[in-house]
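The values are calculated or read from the model by the stated rules, or taken from the named source; none is laboratory data. Every value quoted in this text rests on a predicted model; they were computed, and no experiment measured them. Cβ: placed from backbone, ideal geometry, glycine included. Neighbour counts: every protein chain shown. Ligands, DNA and RNA are stripped out before the accessible areas are found, and what is left, the full protein with its side chains, is counted by its heavy atoms. Shrake-Rupley method; radii C 1.70, N 1.55, O 1.52, S 1.80 Å.
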Amino acid sequence: MGRSPLYRVIHHFFTHLLMVLSFASDVQSLSYQKVAEYLAQATLFNQSLHAVPDAPRFELTYGSARVAVEVLPWQVHPWDARELVIVKACSCVTFNSAIDADLMQYLLYENQRMLFGAFHLGTEGQVMFAHTVLGGEHMDLMELQTCILSVVTIADTYDDIIAERFGGQRASDRLGAI
């Protein structure tokens, strides 16, 4: 069975990007290609998929959550002679929530409950949620899908809770209609 016309267009675009992007290793390039192919084929994501032209990163929308999926070198790891790569999915949950002890305690307690991923603060005080999986030749596509879906589900669920309880603005409201 042949590929859809949309898949062929997306595949051609990503193949071109592979020639333009600079990667830290062959493992990062391979992982980027695997993520690109998966996202292009995934009916859950391919309609809103955007490849960032100057970084090994994709942006997509699922529900009301926007997610960045990055393919990054794993700099400090426990193995001496291996180049490892992680795939990180990250979503902004809220902007301008009151960053105080109550919010920090809440996020730490919620992190303890999470099966996949964790909350953290962005560089400008945003509440973020992220999860990573190991990239490379044997990257499991079910784990990648679970990683991305976990991030969008948590971001979409907790944006209302955090904005109501700690103030601030849901990322989906601040970033405009999706």
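Numbers at a glance
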item	result
Residue match in region 77-85 (condition: over 18 Å from C147 (Cβ atoms), in contact (Cβ under 8 Å) with a residue 40 or more places away in the chain and not aliphatic (A, V, I, L, M))	yes
Residues that are small (G, A, S) and either buried (at least 18 other Cβ atoms within 10 Å of the Cβ) or under 16 Å from the mean Cα position of the chain (by Cα) (or both), drawn from region 145-178	S150, A155, A163, G168, A171, S172
Boolean, F129 is open to solvent by 30 Å² or more (accessible area, probe 1.4 Å) and touching a Cys at 6+ places or on another chain (Cβ under 8 Å)	no
Residue in region 40-62 that is acidic (D, E), under 14 Å from the mean Cα position of the chain (by Cα) and closer than 17 Å to E143 by Cβ present	no
Residue identified as closer than 20 Å to S29 by Cβ and open to solvent by less than 40 Å² (accessible area, probe 1.4 Å) among L60, L72, L39	L39
